[in-house]
Each structure stands twice: as structure tokens, then as C-alpha cells.
Amino acid sequence: MKLVIVIVQHKDSVELIKVLTEGKFMVTKLASTGGFLRAGNTTLFIGVESEKVEEVIDIIKSKCKKREKTIISPYPVADSTGINIPYTYDIEVEVGGATIFVVDVDKFMKI
Ligand code: 2BA
């Protein structure tokens, strides 16, 4: 058995969870926050038989889109003396799609 951990954008999560549950996959949704953008995203735990992992990944690929995001830098800027100055600037980043981890499960129980 495998645990698929997938981090997706909120916008994609509703439809993704719908399609996964329709496909009889069990899903747990967690509200999460990206360390870089410090913006909300969604993390899903999907426990699945090993032979079904590729099917899960195909569903994720079909429902999650890459998007450009322009944000104001979350980090202060240091001037030449090393002192932080209150200056903001835009950063453009491409946010995935989805970030997927597939992890081996040693034991799975429901008690
Ligand atoms: P964030 O950490 O908020 O990152 C959002 C996007 O910002 C990333 O998109 C990437 O394009 C960019 N980015 C992240 N760290 C950066 C850095 N140090 N310098 C420059 N740009 C940077 P994705 O790579 O698609 O990641 C989307 C979200 O997936 C991340 O949100 C984070 O929550 C999660 N994630 C991605 N890789 C991860 C990893 N190796 N471990 C744990 N979580 C991960």
C-alpha cells in the first residue's frame, strides 16, 4: 500500500476531491500553507493500493493546472548596511499543478 500526499491549489481541490471520491478513492483534506508564498493551499492524503497509484496521479494531472502568481515579496529587503528597509517588490512565480509525494505504508489499520 502507498500513501499519496499531494499539495494543490485551493481552486483545483474541490473538483479533484469530487473525481477521486467518485473513483472510490479515500481522501483526507488538510488546509495547509506554502512556506514560500505563505498563502493557503490544500494537502490531500490518499491511501491506495500500489497498483492504483498511477490512476490517482493521472486524475491529479487532469484536474490541477499551473498558474502564474504575482505576489508582494513576503521578505524584507536589507540595504547595504544590512538593515532591513520597508521596501516591497513584486515577485512572479509559477505555482504547480501539484506537488506529489508517494510514500510506502508499512502498516494500515482501522480499529
Ligand atoms: P510555496 O512554498 O508557497 O511555493 C509556491 C511556489 O513558489 C512554488 O510552486 C515555486 O514555484 C515557488 N518557490 C517555492 N520556494 C521557492 C524559493 N525558495 N525560491 C523561489 N521560488 C520558490 P511549487 O513548486 O508548485 O510548490 C507549490 C507548493 O507545494 C509550495 O508552496 C509548498 O506548499 C509545496 N511544496 C512544493 N515543494 C515542496 C517540497 N519539496 N516539500 C514540501 N512542500 C512542497
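The C-beta contact set for the range 11-35 (first residue in a strand (DSSP E or B), second residue aromatic (F, W, Y), distance under 7 angstrom, 6+ apart or interchain) comprises T28/F45.
For L37, the test of being of a type in the set (A, V, I, L, M, F, W, C), within 15 Å of the ligand (Cβ to nearest atom) and touching a helix residue (DSSP H, G or I) at 6+ places or on another chain (Cβ under 8 Å) is failed. The residues listed here are D104, D58; of these, the one that is over 20 Å from K18 (Cα atoms), at pLDDT 95 or above and of a type in the set (D, E, K, R) is D104.
Pairs linking a residue in the range 96-111 that is touching a residue at least 60 places away in the same chain (Cβ under 8 Å) to a residue that is exposed (fewer than 10 other Cβ atoms within 10 Å of the Cβ) and assigned to a loop (DSSP other than H, G, I, E, B), with Cβ atoms under 8 Å and 6 or more positions apart or on different chains, do not occur.
If you go through the range 91-111 and keep only what is among the β-branched types (V, I, T) and either surrounded by 10 or more Cβ atoms within 10 Å (Cβ to Cβ) or touching a Lys or Arg at 6+ places or on another chain (Cβ under 7 Å) (or both), you end up with I91, V93, V95, T99, I100, V102, V103, V105. Considering every residue within the range 12-31, establish whether at least one is of a type outside the set (A, V, I, L, M) and modelled with pLDDT under 95. For the range 12-31, residues of a type outside the set (A, V, I, L, M) and modelled with pLDDT under 95: absent.
Annotation note: Cβ proximity below 8 Å between a residue of the range 37-60 that is more than 14 Å from E15 (Cα to Cα) and a residue that is modelled with pLDDT under 95 and β-branched (V, I, T) (sequence gap 6+ or interchain) occurs for L37/I71; L37/V93; L37/V95; A39/I71.
The values are calculated or read from the model by the stated rules, or taken from the named source; none is laboratory data. No experiment lies behind these values; they were computed from the predicted model shown. Neighbour counts run over all protein chains shown; Cβ positions are idealised from the backbone, glycine included.
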